[in-house]
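The block underneath contains the structure these notes are about, expressed in structure tokens.
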Amino acid sequence: MIAPDIIERFNSWLLPPFDSDTVKEVKKLKKNPSELEEAFCNYLEFGTGGIRGIMGVGTYRINRYTLGRCTQGLSIYIKKTNPGRQIKSVVAYDCRNNSAEFAQEVASVFAANGVKCFLFSELRTTPELSYAVRHLKADCGIVITASHNPPEYNGFKVYGSDGAQITPPMDNHVIQAIEKVCYTEVMFDTDSHLVELIDNEIDQSYFRAVLEVAQILDSDKKDLRIIFTPLHGTSITAIPQVLELAGYKDVHIVEQQSKPDGNFPTVESPNPEEINALSMALKQAQQLGGDIVIGTDPDADRLGIGTRKLNGEWTILSGNQTMALFTEFLLEYHQKNQTLESNSFIVSTIVSSPIMKKIAHHYGVEFKLCLTGFKWIGKMISESPDKKFICGGEESFGFLVGDKVRDKDAVSATLLACEIAQILKNKGKSLYQSLIELYQKYGIFQESLVSLTKDGKDGALKIQAMMENLRKNPPISISNKSIIQIDDYLSGQSQNLLRSKTTILNLPRSNVLIYFLDDESRIAIRPSGTEPKIKFYFSVQSPFDETESFDLQILKLQQRIENLKSAFSL
């Protein structure tokens, strides 16, 4: 039996202000009660990156009304907190189905509320939206995207005036403002003179900014063979152009994946974290004798990098490996050029590789740790105006070099990757050889992520129950290794079990548990903020053994990870 509150929400969508096409689609749900429940089971809530969900009619779906309600609430909040002046916004969108139409709807709501809206005339990358907010001195920004989610998804990311995704307390104020908005109060009538199309001028300014932070070499770029795939996404509007400006001539784009397409016809998932998504690019690299493979997600904030192993086989670097290589290179570069200032800092997240802290310590720079989600890295940059941000990264294939953008940026990261690959090639080395040298210096670190999907209206309840059980009944040991510390970011406490001591975690509250084992292994567990998943992050490490082959050492660490997974029945 369908709950009364769901029926009430369903019935309300059969009346004005909902248009006739929407009403027809809503009525069709009567034939499928389970779909009706899913569409109206709740309201979409803000996660780590705004709201994200399946497209369709209903309060729990992405459509013009749910996006309009969010924009209406955001408009009310920003106008209230900035009285007496013209409010400005920037709106961008990616390659997904309906993204262009949704962006226009969002712009119309802004304009109807008297908010000046700079709307990109065509699809653009998420990092360019972040850059544009600050460049245009706007009060907020919106990008219509669902990042690397499946084709049926779309979403709504909100950015503050600093170009970073909104964080507390602003996000809570915006959420409260949205929750007060009834659908009848959403204004869609456009004040056309308040919507201004933007494109090339912002493009060129952004490209120059990318070159400023990520270009290292002035010459010697003639022979790096780059294989690039946008995976049907927006990076086709930026990465080829930036590589050309930087002097790279031997760039080969995977033709079958070069055109933006929200159906992502050649991949199961447009996610560069998955090796299958880059299979076409890797095949082309093998055929053409490529030096590096680059693949980006639909909104171009994440990148995957392919490189050759010592035996000539192609492999994809993990997000942690990419982040560590980039960070090591940048800090070493600044140190050699005497530009590593005493107030420099780097940032990573609580579920990313511990190697980042070791790298920071080696170069004597401050290491800042933040919650999962790049919005927290953006927040740390904004809150440290007297310090020099070098770079920041997270395990989920996101990286940022310099502070021109305040979100992860696959465009500048791609250029940096190519600069590093070219420098190494000039020395007769590869990215993979550089990775081994990194492990020789700091020890070998291996990480693995397991995501359990819990779909449907009961999915969130199941995930909540799993987290509650892990808190109430924590294990004493995992895979025969004792737990020596438990960090619970929901309670804000860290328990040192060896010393029977509890300390306060100096980060905002978040639904994350981290177990530390006596062999320096670590398991972090958290629900996803953007998908119906619970995620397990495994990290193991060991000193580099010069008497043993690198491959064998990796296999041993991977076996340790498998043993940890088995303890959780994963």
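The values are calculated or read from the model by the stated rules, or taken from the named source; none is laboratory data. The structure displayed is predicted, hence computed values, not measured ones. Positions of Cβ are generated from backbone atoms using ideal geometry, with glycine treated the same way; all protein chains shown enter the neighbour counts. All accessible areas refer to the heavy atoms of the entire protein, side chains included, with ligands and DNA or RNA removed. Shrake-Rupley method; radii C 1.70, N 1.55, O 1.52, S 1.80 Å.
Values computed for the structure shown
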item: ³J(HN,Hα) computed for each position of segment 536-545 - Karplus, 6.51 cos²θ - 1.76 cosθ + 1.60, integer Hz, glycine/proline x; result: 10, 10, 10, 9, 10, 8, 7, x, 6, 9
item: Inter-label distance, nm, simple model (7 Å from Cα along the C-beta direction), ILE484/LYS222; result: 5.5
item: Ordering of 9-15, 52-58, 532-538 by packing [mean C-beta count within 10 Å, highest first]; result: 52-58, 532-538, 9-15
item: Relative contact order [Cα under 8 Å, 6+ residues apart], the chain, whole percent; result: 12
item: Prolate/oblate/rounded label for segment 459-519 (Cα gyration tensor, a/c 1.5); result: oblate
item: Structure-derived volume of the Cα convex hull per residue in Å³ - corresponding label in (i) 341; (ii) 160; (iii) 323; result: (ii)
item: MRE, 222 nm, helices only [DSSP H, n ≥ 4, -39500 (n - 2.57), over the chain, to nearest 500]; result: -11500 deg cm²/dmol
item: Separation in nanometres of the label points that stand 7 Å from Cα toward Cβ, at GLU152 and PHE544; result: 4.7
item: Ranked packing of 477-486, 430-439, most packed first, by mean Cβ within 10 Å; result: 430-439, 477-486
item: DSSP beta bridges in the chain [antiparallel fraction, %, rounded to 5]; result: 65
item: Cα-centre dipole for the chain with unit charges at Cβ (Lys and Arg positive, Asp and Glu negative), debye to 20; result: 960
item: Local net charge near PRO354, Cβ-Cβ under 10 Å (Lys/Arg +1, Asp/Glu -1); result: +1
item: Inter-centroid distance (Cα atoms) of segment 407-421 relative to segment 4-52, Å; result: 41
item: Derived scalar couplings ³J(HN,Hα) [segment 63-80; Karplus, 6.51 cos²θ - 1.76 cosθ + 1.60; whole Hz; x for Gly, Pro]; result: 7, 4, 7, 5, 5, x, 5, 4, 5, 4, x, 4, 4, 4, 5, 5, 5, 5
item: Cα gyration tensor shape for segment 64-132, rounded if a/c is under 1.5, else prolate or oblate; result: oblate
item: Nitroxide proxy distance, nm - points 7 Å out along Cα→Cβ at LYS462 and ASN172; result: 3.2
item: Net charge of Cβ neighbours under 13 Å - reference LYS79; Lys, Arg +1; Asp, Glu -1; result: +3
item: The chain - percent of accessible surface contributed by carbon and sulfur, probe 1.4 Å; result: 48
item: Solvent-accessible area per residue for the chain (1.4 angstrom probe, square angstrom); result: 42
item: Length-normalised contact order for segment 138-204 - Cα pairs under 8 Å, 6+ apart - percent; result: 21
item: Rounded if a/c under 1.5, otherwise prolate or oblate - segment 304-366, Cα gyration tensor axes; result: oblate
item: Per-pair calculated FRET efficiency, R0 = 30 Å: THR339 and LEU245 via Cβ, rounded to 0.05; result: 0.85
item: Segment 62-109 and segment 138-199: distance between their alpha carbon centers, rounded to Å; result: 4
item: HN-Hα J in Hz across segment 164-179 - Karplus 6.51, -1.76, 1.60, θ = phi - 60°, x for Gly and Pro; result: 9, 4, 5, 10, x, x, 4, 4, 5, 5, 5, 4, 4, 5, 5, 5
item: Additional length obtainable on full extension of the chain from ASP5 to LYS556, 0.36 nm per residue less Cα span; result: 193.0 nm
item: Difference of contour (0.36 nm per residue) and Cα-Cα distance, GLU383 to LEU570; result: 63.4 nm
item: Counted charge near GLY141, where neighbours are those whose Cβ lies closer than 12 Å (Asp, Glu -1; Lys, Arg +1); result: +2
